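Colleague: I'd like to ask you about the structure that follows.
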Amino acid sequence: MIAIWKISSSYYCHYKLYNGYFMKFWNPQYKTLDHWRGIAALWVMIFHGFGTTFNKPLHPLAELVKLVAAPGWLGVHLFFVISGYCIAANLYKLSFEDGSLWTFIKNRFWRLMPTYWLALIMTIILNLISSPFNKTNLLDSFPSSLQSWLGNLLLIQPYLNVPFYVVVYWSLVVELGFYIIIASLLAIRTSINQNFALFIAISLGLASVFIPADPRLGLLNYWGEFLCGSLVFIALWASNRNHIYQRNLCLILIILLGSLGEYMNVTHNQQNQILFSSIFSIIIYFLYKLDKHIDSLYFIQWLKFTGVMSYSLYLLHVPFQGRVINLGSRFIPLDSPMMLLLQIFGWAVAISVSFMFYRLIEKPLSDWRHQRTITKPIS
C-alpha cells in the first residue's frame with residue numbers, strides 16, 4: 001500500500017491509493033486509550049477483590065481502599081466506550097483496504113474467542129486443582145450440563161438461561177452482541193447505503209436508553225454506550241476534515257444520550273450508566289489533542305502496558321485473586337490490617353498470572369491474527 005504521510009497539528013493524515021485514486025486517510029490511532037483500559041481493568045479488579053466484604057466492617061486502612069474500589073464496576077462501562085471507538089476506527093481502516101463484512105467477522109472472532117476459550121480452560125483446571133482444598137465435589141468444577149457447556153463456550157449464557165462460569169464473562173456476551181449489530185449495519189450499508197446504516201445505529205442508541213434491563217437484551221441495553229465511543233471517533237474524524245456541523249452533531253448526540261439516560265434513572269429508576277459513559281466520551285474527545293504528550297509520559301507507561309494486557313487481566317483476575325483472598329480470609333480476621341495486605345497479594349497474583357497468559361497466549365494469538373490481515377503492497 002503506497003502511503004504519503006503528512007502531519008498536521010495533533011492529527012495524523014496520509015494518502016492511500018483507493019480504487020485507483022489517492023484519498024486522504026486520517027490515522028485514527030488513539031494511544032492513550034490503552035491507559036484508560038489499564039485504569040478500567042485495575043478498577044474492576046480491585047472491586048472484585050472486595051466483592052464479599054462490601055457490607056462488612058474492615059480495618060480502617062482497608063476501608064479507605066474499599067471506598068476507591070466500591071464504584072469499580074464502572075470500569076466495564078469505560079471498556080464499552082473504548083470498544084465503540086476502536087471498532088469504529090477498525091471499520092474506517094477496513095474501508096480503505098477493501099475489507100468485507102466477512103473480514104470484520106473473522107477479525108473479531110479471532111480477537112475474542114480463542115483467548116477466551118483458553119482462559120476458560122485455565123479456570124476450569126484451577127477449579128479442579130483447588131476443589132480438594134475447598135472441600136467441594138470435583139463435578140462442581142465443571143459447567144453443570146451440556147446446555148451450560150454450550151452457553152459458556154459460545155457466550156450465549158443468557159439465551160440458554162444458564163449461569164456464567166465466571167461472573168465477569170457477562171460483558172463478553174454484550175461485546176459479542178455489539179459485533180453482531182455492527183455486522184448487521186455493515187450488511188445494511190452494503191445493500192442500501194451508509195447514511196441509512198448510521199440512522200439505524202443512532203436510532204438503536206436512543207432506543208436503548210428506554211429498554212428495561214434484561215440479560216437477554218444486553219447488546220441493546222448497552223448499545224448506547226458503545227455508540228458514544230463510536231461518535232467520539234466520528235467527531236474527531238469530522239474535526240480533522242473541518243466538518244464542524246458533523247462534529248457538533250456527534251457531541252450533541254453524546255450529551256443527549258447521557259441526558260436521556262439520567263432522565264430514565266430519575267423518573268423510572270432504571271439504573272443505567274450511560275450518563276457516566278457519555279461524560280467519559282466527552283472527556284476523551286477533548287483529551288485527544290494531548291494524546292501524544294500523555295502517551296510520552298514515562299511514569300505512566302506501566303498503566304499503558306496494563307491496558308495492553310487488559311483482556312487477559314479481565315478474563316483471569318476473578319479466579320486467581322478470588323482463590324487467594326478466599327483462602328487467606330480463613331486465617332485473617334476481617335478487621336486485621338493484614339486483610340489489606342491479603343488484598344494486595346491477591347491483586348499481585350492476578351496481575352502476574354495475567355501477564356504470563358498475555359505473553360504466552362493472547363499476544364501470540366494477536367500477532368498471528370494481524371499477520372493474517374496484513375494488506376499486500378501495491379507495486
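Colleague: Under a GNM of the chain (C-alpha, springs under 10 Å), which listed residue has the highest mean-square fluctuation: Ile39, Ile244, Ile254?
Modeller: Result for the chain, Cα springs under 10 Å: Ile244 fluctuates most.
Colleague: Ok, one more. Determine the equivalent ellipsoid of the stretch 232-320 by diagonalising the alpha-carbon gyration tensor, then write out the semi-axes as square roots of 5 times the eigenvalues, largest first, rounded to whole Å. Before the final figure, lay out each step's value.
Modeller: Working: eigenvalues 154, 118, 19 Å².
One finds semi-axes of 28, 24, 10 Å for the stretch 232-320.
Colleague: Quick check of the Kirkwood formula: for the stretch 240-379, what is the inverse mean of 1/r over all pairs of different Cα atoms, in Å?
Modeller: One decimal place: 19.7 Å for the Kirkwood radius.
Colleague: Name the residue farthest towards the positive end of the dipole of the chain from the options Leu313, Phe233, Ile46, assuming +1 on Cβ of Lys and Arg, -1 on Cβ of Asp and Glu, about the Cα centre.
Modeller: Phe233
Colleague: Remind me, relative contact order of the chain in percent, using alpha carbon pairs under 8 angstrom and six or more residues apart? Provide the component values of the computation, followed by the final result.
Modeller: Values: 459 pairs, mean separation 99.4, N = 379.
Worked out over the chain, it gives 26 percent.
Colleague: Would you mind computing, in nm to one decimal, how far apart the modelled labels at Ser144 and Val68 are, each placed 7 Å from Cα along Cα→Cβ?
Modeller: Inter-label distance under the simple model: 3.8 nm.
Colleague: Moving to a separate point now. Please build a GNM for the chain, connecting alpha carbons under 10 Å apart, and tell me which residue among Met309, Met45, Met113 fluctuates the most.
Modeller: So, out of Met309, Met45, Met113, the one fluctuating most is Met113.
Colleague: Something else now. Once the Cβ-Cβ distance between Ala187 and Leu154 is put in as r, and R0 is 22 Å, what FRET efficiency do you end up with, to the nearest 0.05? Don't skip to the answer; put the middle values down first.
Modeller: On the way: r = 21 Å, r/R0 = 0.97.
Computed FRET efficiency for Ala187 and Leu154: 0.55.
Colleague: Separate question: Which one, Asn193, Leu160, Leu94, projects farthest toward the positive side of the charge dipole computed for the chain from Cβ point charges (K/R +1, D/E -1)?
Modeller: The listed residue farthest towards the positive side: Leu94.
Colleague: I've got another one for you. Angle, helix 244-268 long axis vs. longest principal axis of the chain, Cα atoms, 0 to 90°, nearest 10?
Modeller: Approximately 30 degrees, to the nearest ten.
Colleague: With runs of 4+ DSSP H residues as the only contributors, calculate the mean residue ellipticity of the chain at 222 nm using -39,500 (n - 2.57) per run, divided by the residue total and rounded to the nearest 500. If you can, show how the numbers build up before the last one.
Modeller: Working: 17 runs with 257 residues, N = 379.
Calculated mean residue ellipticity at 222 nm is -22000 deg cm²/dmol.
Colleague: For the stretch 286-293, what does the Karplus curve 6.51 cos²θ - 1.76 cosθ + 1.60, with θ = phi - 60°, yield as ³J(HN,Hα) per residue in whole Hz, taken in order and with x for Gly and Pro?
Modeller: Values per residue, Gly and Pro as x: 6, 7, 4, 5, 9, 4, 4, 5 Hz.
Colleague: Can you pull the one-decimal nm distance between simple spin-label points at Phe286 and Phe210, each 7 Å off the Cα toward Cβ?
Modeller: Going by the 7 Å Cα→Cβ label model, 3.1 nm.
Colleague: Can you pull out the trypsin sites (Lys or Arg not before Pro) in the stretch 306-375 that DSSP calls coil and that have at most 16 other Cβ atoms within 10 Å? List each step's numbers first, then the result.
Modeller: Numbers: sites: Arg323, Arg330, Arg359, Arg369, Arg372; in loops: Arg330.
Of the trypsin sites (Lys or Arg not before Pro), the ones in loops of the stretch 306-375 whose Cβ has at most 16 other Cβ atoms within 10 Å are Arg330.
Colleague: Here are some values of Rg and Dmax of the Cα atoms in Å: (1) 22.7, 81; (2) 21.1, 65; (3) 22.0, 71. Which one was computed from this structure?
Modeller: Here the calculated entry is (3).
Colleague: Would you calculate the separation in nanometres between label points at Ile125 and Gln29, each defined as 7 Å from the Cα along the Cα-to-beta-carbon direction?
Modeller: With each label placed 7 Å out from Cα toward Cβ, I get 3.4 nm.
Colleague: Based on the Cβ-Cβ distance of Gln371 and Leu198, what FRET efficiency does E = 1/(1 + (r/R0)^6) give at R0 = 30 Å, to the nearest 0.05? Please list the in-between numbers first.
Modeller: Numbers: r = 32 Å, r/R0 = 1.07.
So the FRET efficiency works out to roughly 0.40.
Colleague: Which value, in debye to the nearest 20, gives the size of the charge dipole of the chain about its Cα centre, when Lys and Arg are +1 and Asp and Glu are -1 at the Cβ?
Modeller: Numbers: 26 positive and 14 negative charges, 182 e Å.
For the chain, the charge dipole is close to 880 debye.
Colleague: Tyr245 label point, 7 Å along Cα→Cβ, cut-off 17 Å on backbone N: hits in the stretch 175-214?
Modeller: 195-196, 199
Colleague: Further question on the same structure: Put +1 on the Cβ of every Lys and Arg and -1 on every Asp and Glu Cβ in the chain; which of Met264, Ile211, Leu290 then has its Cα farthest towards the positive end of the dipole?
Modeller: Leu290
A short reminder: the numbers here are calculations on the coordinates, not readings from a lab. Nothing here was measured: the structure is a model prediction, and the numbers come from that model. Cβ atoms come from the backbone with ideal geometry, glycine included; neighbour counts cover every protein chain shown.
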